[in-house]
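A quick write-up on the structure given underneath.
Nothing in this text is a laboratory measurement; each read-out follows from the coordinates by a stated rule. None of the values given here were measured: they were computed from a predicted structure. Every residue, glycine as well, gets a Cβ built from its backbone with ideal geometry; the counts of neighbours run over all protein chains shown.
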Amino acid sequence: MASLQAPMYAHMRSGQNISLAESVPPEIMHMIDPYWYQWPPMEPMWFGIIGFVITVLGIMSLSGNFIVMYIFTSSKALRTPSNMFVVNLAFSDFCMMFTMFPPVVLNGFYGTWIMGPFMCELYGLFGSLFGCVSIWSMTLIAYDRYCVIVKGMARKPLTVTSAVVRLLIVWLICGIWALLPLFGWNRYVPEGNMTACGTDYFAKDWWNRSYIIVYSMWVYFTPLLTIIFSYYHIMKAVAAHEKAMREQAKKMNVASLRNSEADKSKAIEIKLAKVALTTIALWFFAWTPYTIINYSGIFESMHLSPLSTICGSVFAKANAVCNPIVYGLSHPRYKLVLKEKMPCLACGKEEPVTDSRTMATTEISESAA
Ligand SMILES: CC1=C(/C=C/C(C)=C/C=C\C(C)=C\C=O)C(C)(C)CCC1
């Protein structure tokens with residue numbers, strides 16, 4: 001690690017005209033891609049802005065995900081096999097911010113990566129691991145909802161054992177993928193303004209390029225297709241169910257099958273649509289810029305600036321803030337328990353947990369949350 005003197009921003013260190021790449025301490029110089037030599041060090045103001053943004057995101061994510069874990073594990077009603085995926089997502093997002101935000105702030109304070117090569121590799125490994133586990137937790141949640149809503153009674157119910165097995169498989173595979181750059185398939189190197197580390201997307205040989213392509217198949221395209229598949233069928237099933245209800249009511253010559261049921265089902269449908277769209281959109285929004293950066297690097301299709309790359313990396317981390325809000329706060333029972341245990345944090349309209357409709361609908365409303 002570089003000696004911890006008072007922060008010296010790169011361009012102040014050795015006079016003028018040094019590049020961004022030359023701003024890093026000598027022990028990590030070998031990890032810097034020649035691409036970064038064409039850039040001057042970033043304006044100190046940007047380190048302050050990025051540090052402030054990541055601190056706000058970090059505090060929100062750590063507290064939000066801690067509350068989600070606490071609420072979901074402390075309430076018996078919420079300790080279901082399906083909710084293990086939600087807790088796992090919160091845990092992974094918590095770890096993501098716990099390991100990512102202090103280094104970005106510390107290195108930002110010094111204006112470059114001061115934590116040495118090993119910590120850079122560890123930082124990249126954690127970013128990759130928790131990013132991967134979060135994405136796959138969301139995929140498991142989406143697929144579980146698909147099973148509950150679309151397959152309904154025909155499905156094999158999710159047990160604690162099968163939930164644990166799925167989660168262990170996800171952690172194992174993501175762990176292997178995150179470790180591979182440490183064993184020579186690509187590598188973790190400083191990126192952007194040199195205050196974060198990620199995969200070496202400027203590597204020119206196909207051995208290293210192939211890691212990003214194959215890894216993105218596992219960590220981006222497969223979850224994306226699974227989520228789209230799941231929610232497409234969920235929306236179709238809900239729409240078909242509502243249509244059948246309306247037709248049945250028409251046959252019986254009543255406005256609706258049961259008083260206020262139409263309203264309830266509409267609310268559930270809208271809620272499902274909102275949760276589905278929000279989940280997919282947030283996942284997309286957060287990781288797509290970082291994926292584009294990685295692809296632009298390997299295919300040399302875009303001139304990546306230090307600012308755009310560090311923003312892409314921070315934006316991906318921002319996903320760890322959104323998930324507790326989307327998955328946690330839209331859960332009717334979660335809201336009730338939150339109101340009971342932390343009344344000052346409870347917000348939004350209270351929703352009935354047990355409704356007067358069929359069991360299947362109850363499952364829909366629970367799964368939607
Ligand atoms: C997780 C995704 C990808 C890979 C990300 C990696 C290798 C991240 C490493 C480090 C950090 C710190 C990231 C910070 O945000 C792809 C390959 C880019 C595809 C999308 C998902």
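Structural remarks
- When each of 158, 172, 307 is scored by the number of other beta-carbon atoms lying within 10 Å, the sequence from fewest to most is 172, 307, 158.
- Near residue 129: Cβ cut-off under 14 Å, other residues only, Lys/Arg at +1 and Asp/Glu at -1. The net charge is -1.
- Charge sum, other residues only, whose C-beta stays under 13 Å from residue 250's C-beta, Lys/Arg counted +1 and Asp/Glu -1: +1
- Structure note, pairs 76/341; 76/151; 151/243: Cα-Cα distances above 21 angstrom occur for 76/151.
- Order by protection proxy (mean Cβ within 10 Å, highest first), peptides 201-214, 55-68: 55-68, 201-214
- By average C-beta atoms within 10 angstrom, highest first, the peptides 281-292, 233-244: 281-292, 233-244
- Note on segment 12-136: Kirkwood radius taken over Cα pairs, Stokes-Einstein applied at 25 °C and 0.890 mPa s, translational D equal to 147 µm² s⁻¹.
- Cβ crowding within 10 Å ranks 92, 74 as 74, 92, fewest other Cβ atoms first.
- Simple point charges give the picture: +1 on the Cβ of Lys and Arg, -1 on the Cβ of Asp and Glu, and for segment 113-266 a dipole about the Cα centre of about 960 debye.
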